[in-house]
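Note sheet for the following structure.
The values are calculated or read from the model by the stated rules, or taken from the named source; none is laboratory data. In this text, all values refer to a predicted model and were calculated from it rather than measured experimentally. FYI the Cβ positions are ideal-geometry reconstructions off the backbone, even for glycines, and counts take in every protein chain you see.
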């Protein structure tokens, strides 16, 4: 097809659809057959078999597919992705890999249910689509709910990648967080995001650690030796309830 934008490739966690114009995650899947594998390896010890993982900002499912394997058939992954075209790819990737333990929702999360807005993107042009940001007013309107409204029976790991909307997402889940005390993993850009996120989490009786990884994994699935990211380092916050500090598997830098 002349106007084809979606392609399929074999990855570490099965076949995946991706947008060929995606300059970050899609390019990584194309070249390496994975995205942020070093993050996933770090999180592995904190995901129990039969547990529940919540993936907020699931995008096309790179983390979702890993979580689905990690929790096994008796576990559950709840994934939220507000971008409609990316949500369609997420659902396709979940279905193509037979993950019956995933529930996916085309929603944003906010402190109150209603409408928010997300960056309006032309998916036919080269761009980093994973950087689409949620805001109160700019972009096109999408439905938002609170995570607390979902009444999850448990939550072992909460992953958040929402491009600056972190405080709203955390507040949307305050009851669930305090009830279930999950490990929380948050994409974080220190040069752009304030310490408000750290203080918000710490107020919930958590300790917060900085976790840095290389975007390039030299042991990548497709055995590609080239670092197309040119040394890019990704920074995340790993948030540990004080009641689970003894479970830490690696030394980390506290915030």
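Residues in segment 108-131 that are over 24 Å from residue 211 (Cα atoms) and surrounded by fewer than 15 Cβ atoms within 10 Å (Cβ to Cβ): 112, 113, 114, 115, 120, 122, 124, 125, 126.
Here's the yes/no breakdown for (1) under 18 Å from the mean Cα position of the chain (by Cα); (2) in contact (Cβ under 8 Å) with a residue 12 or more places away in the chain; (3) outside any helix (DSSP H, G or I); (4) on the phi > 0 side of the Ramachandran plot:
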| position | (1), (2), (3), (4) |
| --- | --- |
| 130 | yes, yes, no, no |
| 144 | yes, yes, yes, no |
| 186 | yes, yes, yes, no |
| 200 | no, yes, no, no |
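Checked against (1) modelled with pLDDT under 95; (2) touching a strand residue (DSSP E or B) at 6+ places or on another chain (Cβ under 7 Å); (3) surrounded by 15 or more Cβ atoms within 10 Å (Cβ to Cβ); (4) not in a loop (DSSP other than H, G, I, E, B), residue 159 passes all but a single condition, namely (1). Among residues of segment 132-142 being in a strand (DSSP E or B) and without any contact (Cβ under 8 Å) to a residue 60 or more places away in the chain, the one that is surrounded by the most Cβ atoms within 10 Å (Cβ to Cβ) is 134.
Within segment 162-177, if we keep just the residues that are touching a helix residue (DSSP H, G or I) at 6+ places or on another chain (Cβ under 8 Å) and more than 14 Å from residue 199 (Cα to Cα), the residue that is surrounded by the fewest Cβ atoms within 10 Å (Cβ to Cβ) turns out to be 175.
Does at least one position in segment 171-179 carry a residue that is under 23 Å from residue 58 (Cβ atoms), touching a strand residue (DSSP E or B) at 6+ places or on another chain (Cβ under 6 Å) and modelled with pLDDT under 95? Within segment 171-179 (the criterion being under 23 Å from residue 58 (Cβ atoms), touching a strand residue (DSSP E or B) at 6+ places or on another chain (Cβ under 6 Å) and modelled with pLDDT under 95), the answer is no, since none of the residues qualifies. Of the strands (runs of 3 or more DSSP E) that lie entirely inside segment 1-95, those containing 2 or more residues that are over 23 Å from residue 223 (Cα atoms) span 52-56, 76-80.
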